[in-house]
Amino acid sequence: MPSACDSPIEDIEDMVSFNDPTPHERQSSRKSIIPRSRKNKELLSNEELQADSLIPGTQKIWMKTWGCSHNNSDGEYMAGQLASSGYKMTEADLWLLNSCTVKNPAEDHFRNSIKKAQEQQKKVVVAGCVPQAQPRMDYLKGLSIIGVQQIDRVVEVVDEAVKGHSVRLLGQKKDGGRRLGGARLDLPKIRKNPLIEIISINTGCLNACTYCKTKHARGDLASYPIEELAERARQSFQEGVCEIWLTSEDTGAYGRDIGTDLPTLLWRLVEEIPEGAMLRLGMTNPPYILEHLEEMAKILNHPRVYAFLHVPVQSASDSVLMDMKREYCIDDFRRVVDFLKERVPGVTIATDIICGFPGETEEDFQATVDLVKCYRFPSLFINQFYPRPGTPAAKMEQVPAHVKKQRTKELSQLFHSYNPYDHKVGERQNVLVTEESFDAQYYVAHNKFYEQVLVPKRSEFKGKMIEVDIYEAGKHFLKGRPAEDSKPFTPSIAAPLEKGAVSGLMQVISHRHTHLKVYTHTHTHTHTHTNTMLMYLFHCMLFFTLTSSSL
């Protein structure tokens with residue numbers, strides 16, 4: 001007869017009764033716990049401890065994230081919590097795969113990674129939009145799942161997966177019946193780039209686009225309160241961040257569920273941005289930016305905000321837009337672009353286009369081609385239509401595959417026929433250096449219009465605002481050389497965290513007059529025998545506490 005440990009757990013919520021303590025209450029109860037001292041002969045040896053692979057928090061975890069900046073932010077939070085709990089984020093006893101459901105190829109990569117992990121006898125935990133939207137897919141059977149609103153409980157799910165349990169945590173977070181934006185913003189995280197903080201300002205959206213699978217995963221709009229977002233920005237700058245990205249499924253819809261709006265949030269965040277640091281606004285759909293055009297123009301002109309906006313058009317045909325249920329017409333999109341170009345000189349407008357949506361005629365497609373010819377978008381994301389399972393568009397009459405492919409090719413050729421940055425050669429610009437180029441030959445900076453500027457790879461430039469003279473322009477980049485007599489300006493108010501360090505505030509565990517301070521602010525995921533012993537003792541304490549409370 002199989003033991004309880006062998007049986008799959010359909011949902012971790014099934015393990016907890018209504019009156020049991022919540023995870024937050026359990027975390028709070030730890031403050032009164034002090035490990036009892038033990039004689040040396042009772043302590044486990046390092047070899048014995050490492051040999052016990054069922055002690056949660058001692059394993060290695062490899063993590064992979066696909067998709068948008070919102071997904072990347074979720075991944076950073078999950079990595080931070082796991083590292084803070086003792087797991088090593090490296091090659092790996094367990095694979096944590098954070099998926100994207102926007103297009104078929106992304107899901108194919110995700111599914112192939114699961115298969116590869118299973119072939120290598122790795123334990124697997126899946127997260128992101130694919131399992132949230134389709135948890136009953138055959139290839140997900142028996143796997144542990146973390147829902148997109150449950151990333152603050154990743155340690156619990158991984159702990160159970162390490163012990164061989166199958167756990168599914170897919171619930172929605174609510175407060176008094178109102179859907180919340182998701183996990184708390186003050187959770188530990190490991191930033192992929194210590195200089196860039198990605199902040200999700202809301203989750204979900206108000207649209208019901210017929211082609212979109214993400215809506216099935218992220219749901220309706222749920223916004224974070226302004227002051228929570230401002231506090232997260234403030235903490236980020238205290239940790240050496242010099243650039244903030246705001247992200248969500250639709251930033252323009254922010255606040256409509258909590259009685260506020262995007263401009264109000266942006267003016268508040270600008271107060272927290274140090275001189276020389278920058279804020280980049282994420283994608284916004286046309287319907288929700290139209291009523292804020294005046295204020296948005298003022299904000300995009302602010303010296304600490306990139307003059308950049310991502311506004312997806314998807315098609316220039318009103319007929320196609322109606323079938324997509326995009327809730328705007330092409331004249332609305334043109335009004336947004338024309339207004340911002342007039343009021344924000346040099347503004348960068350990025351957009352998305354879907355080629356071959358069901359019912360798209362040759363006339364519809366040519367209208368889209370004409371739109372691109374008119375605006376010559378410097379940043380254009382061209383997507384061949386893929387029918388996503390369970391969406392209304394998947395049931396519509398499809399455009400033949402060869403036609404979709406040809407239209408995608410034609411639009412791509414048009415995009416590559418013009419050079420949007422040639423007129424910038426000879427300009428002097430201030431740029432913020434935040435990354436290294438893919439070929440490791442340059443540092444990557446961005447100017448006020450979020451145009452990519454490659455600069456010499458000098459250590460003193462990283463994380464600094466520098467002045468450069470533009471001497472070359474490519475299709476997707478500019479090249480700049482440091483201006484004579486100019487000095488790098490440091491926008492951050494603190495030194496950035498080391499690569500792989502965990503962001504977070506100090507936690508204090510107290511008992512009567514004894515205080516044990518645990519600093520997670522600069523806790524890296526390099527562990528010694530002492531770290532491992534502490535994690536072992538911690539899990540023992542937690543086990544005995546939960547056992548005692550249930551007796």
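The values are calculated or read from the model by the stated rules, or taken from the named source; none is laboratory data. On a predicted model such as this, the values are computed, not experimentally measured, just so you know. Quick reminder, even Gly has a Cβ in these numbers, built from the backbone with ideal geometry, and neighbours come from all protein chains shown. All accessible areas refer to the heavy atoms of the entire protein, side chains included, with ligands and DNA or RNA removed. Shrake-Rupley method; radii C 1.70, N 1.55, O 1.52, S 1.80 Å.
Brief remarks on what is shown
- Within region 132-156, residues that are over 14 Å from L96 (Cα atoms) sit with their Cβ atoms under 6 Å from residues that are open to solvent by 30 Å² or more (accessible area, probe 1.4 Å) and outside any loop (DSSP other than H, G, I, E, B), at 6+ positions apart or across chains, in these pairs: A133/H216; Y139/R111.
- On inspection, K215 qualifies as open to solvent by 30 Å² or more (accessible area, probe 1.4 Å), more than 23 Å from P491 (Cα to Cα) and of a type in the set (K, R).
- The lone exception for P105 - which of (1) under 24 Å from N193 (Cβ atoms); (2) open to solvent by 40 Å² or more (accessible area, probe 1.4 Å); (3) modelled with pLDDT under 85; (4) touching a Phe, Trp or Tyr at 6+ places or on another chain (Cβ under 9 Å) it fails: (1)
- The listed residue being within 24 Å of G67 (Cα to Cα), free of Cβ contacts under 8 Å to residues at least 60 places away in the same chain and either assigned by the TED database to the domain that holds N383 or not in a loop (DSSP other than H, G, I, E, B) (or both), out of D364, D352: D352
- One residue alone among A183, A161 is open to solvent by less than 20 Å² (accessible area, probe 1.4 Å), farther than 30 Å from L497 by Cα and not basic (K, R), and that residue is A161.
- Scanning region 329-358 for residues that are in contact with a helix residue (DSSP H, G or I) (Cβ under 9 Å, 6 or more places away or on another chain), under 21 Å from C205 (Cα atoms) and open to solvent by 10 Å² or more (accessible area, probe 1.4 Å) turns up C329, I330, D332, I354.
- Some residue of region 319-328 being under 26 Å from Q452 (Cα atoms) and either out of contact with any helix residue (DSSP H, G or I) (no Cβ under 6 Å at 6 or more places or on another chain) or touching a residue at least 40 places away in the same chain (Cβ under 8 Å) (or both): no
- Unique match (being surrounded by fewer than 14 Cβ atoms within 10 Å (Cβ to Cβ) and basic (K, R)) among K464, K404, K409: K409
- Once region 273-318 is narrowed to residues that are among the basic types (K, R) and in contact with a helix residue (DSSP H, G or I) (Cβ under 9 Å, 6 or more places away or on another chain), the residue that is surrounded by the fewest Cβ atoms within 10 Å (Cβ to Cβ) is K298.
- Near pairs, Cβ below 8 angstrom, 6+ apart or cross-chain, from region 270-298 (closer than 17 Å to F237 by Cβ) to any residue that is in a loop (DSSP other than H, G, I, E, B) and among the β-branched types (V, I, T): P274/I493; G276/T490; A277/V241; L279/I273
- Flag if L266 is buried (at least 17 other Cβ atoms within 10 Å of the Cβ), in contact with a Leu (Cβ under 6 Å, 6 or more places away or on another chain) and in the same structural domain as K325 (by the TED database): no
- As for region 182-200, it holds no residue that is among the polar types (S, T, N, Q), without any contact (Cβ under 8 Å) to a residue 60 or more places away in the chain and more than 22 Å from T351 (Cα to Cα).
- Of the strands (runs of 3 or more DSSP E) entirely within region 444-524, those holding at least 2 residues that are under 24 Å from S236 (Cα atoms), outside the structural domain of N193 (by the TED database) and at pLDDT below 95 occupy 507-511, 514-518.
- Looking at region 68-152, the helices (runs of 4 or more DSSP H) lying wholly inside it that each contain 2 or more residues that are over 22 Å from the mean Cα position of the chain (by Cα) sit at 104-119.
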